[in-house]
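Engineer: Sharing a structure with you now.
The values are calculated or read from the model by the stated rules, or taken from the named source; none is laboratory data. Note that the structure is predicted; figures quoted are calculated from it, not measured. Neighbour counts run over all protein chains shown; Cβ positions are idealised from the backbone, glycine included. Keep in mind that these areas ignore ligands, DNA and RNA; they rest on the heavy atoms of the full protein, side chains included. Shrake-Rupley method; radii C 1.70, N 1.55, O 1.52, S 1.80 Å.
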Amino acid sequence: MSSPTRTTGTGTEPTPARHLGELGVLLLEAGLSVTDVRASLESVPAAGRGAGGDLAFAVLPDSVIVTDDTGTVTMVRSGKSGLSFRQAAHASRLLHETVAAAVSLSQLPARIAQVRAMTRPHPVTSWAVGSALIAGGLAVVFRCPWWSILVAAAVGALVGVVASILDRTRDGVSIVPFVTAFLSTVLVGVVGTALDLGPVPLFAVCAPVAILVPGAVITNALLELTSTDIVTGSARLLYGLIMLGFMTAGISAGAHVTGLRIDPDSAALIGQIGAAAGTSGWQALPPLWMSWVGVVVLALGIGIAFGAGRRLTLLGVAVMTGTYAVLTVATPVIGGVAATGLAAGVLFVTARILESLTVAVPATVSFQPAFLLLVPGTVGLVAVAAFDTAALHSTPATFVSLCIGTKIGALVAEVLVRPRRSPAGFGAVD
């Protein structure tokens, strides 16, 4: 499932710098921003001490560079794109054990190898099933007609299979956004045209590819930019915007091929969804209370697709339900943009509290899945695909609100949360 890291340095024997570089790369693959990875490495007690004295860390999206006082440079590069949520939880626990001095630096290589050796059974099947649940759950949350919910779930499963196959090659990874968006739009368009269903809800087209929307990438980019990590933040932001552009091109091409007509009034976000009853039969809208069921299905899909395991999946259900509640209550009162920032702040503090109670639940695992509800990436895709001028104008504000909310949440968490330093605080992951 994972490939070994490639390490370069001036010495042949493992050094504290190399051990810490490998730990930093593991944290990058777990989904931490470069800012958090650097802070984590610097927090290891006496870990910043090597043969040459204090160690300095420079973190890039796919590598960690460690320099000592003698000028010796050690670089560790990532050999894979990311970890499952279960692996990320173990990586978080390893970090906290290292900070608590329960694990020595010399023990890190063996422990890191154990984390990388964890595999998911039937990864393609789990990705397909998870993608189907995510697509169907989002379609229910945004109250698409029943026919489009079923079609979105079926297309989502196919998108999961196609993405899993294309991800196995370097060239395939680069075309996944366009191919999956084009495939999703064509299939939904063919069904809509064949059944003469009229304009199709936008989320019926976007939901099957939501699992690939780079919302977390773009938000991490903004957080890094505000933390003066300009190079990495700019690179991530550009990558995320390019992915959104490819997905939008795929939707436009698919709509042109099939003659698909998208309902211009179907781009509402959470908290803006009305209670209209719709028509009867398969074109009817699900009742409003079904949106809560959709959130649960969405959370289950994320857990299955990203290999969270039973306990982390149940935690994801609780976190995403709470996030949905905050958005639903706050949006009518303070507006969608401000509600997104509020939800992000509350969620970040909650994630840090959970992490301090049991370090087997890293904040990234409990925080990142909710991006599909905070929709920083999805709102951009919806706005561009619908050519909605108002939505296009609100998209940057939504990103900024999310970033500010997260930053305020981080400040509050830093004041309120005191992480455990005793090995007794380490909980079970599985």
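Engineer: Going from most exposed to least, what order do Arg143, Arg261, Arg38 have by accessible area with a 1.4 Å probe?
Structural biologist: Sorted descending by solvent-accessible area, the residues read Arg261, Arg38, Arg143.
Engineer: In what order, largest first, do Tyr239, Tyr324 sit by accessible area if the probe radius is 1.4 Å?
Structural biologist: Result of the area sort, largest leading: Tyr239, Tyr324.
Engineer: On the principal axes of its Cα set, how long, how wide and how thick is segment 164-261? Give whole Å, largest value first.
Structural biologist: Taking max minus min along each principal axis of the Cα atoms, segment 164-261 gives 52, 28, 18 Å.
Engineer: Here's another thing I want to ask about it. Compare Ile251, Ile175 by solvent-accessible area with a 1.4 Å probe and give them largest first, with all protein chains kept in place.
Structural biologist: Reading off the accessible areas and sorting them downward yields Ile175, Ile251.
Engineer: Please give the contour-minus-distance gain from Thr119 to Val400: 0.36 nm per residue of separation, less the Cα-Cα distance, rounded to one decimal in nm.
Structural biologist: 97.5 nm
Engineer: Another question, then. Viscosity 1.002 mPa s, temperature 20 °C: Stokes-Einstein D of segment 99-148 from its Kirkwood Cα radius, in µm² per second?
Structural biologist: Value of D from the Cα-based Kirkwood radius: 147 µm²/s.
Engineer: Return the FRET efficiency for the residue pair Trp289, Leu314: r is the Cβ-Cβ distance, R0 is 25 Å, and the value is rounded to the nearest 0.05.
Structural biologist: 0.70
Engineer: Tell me, what is the Rg over Rh of segment 99-240, with Rh the Kirkwood radius over Cα pairs?
Structural biologist: 1.11
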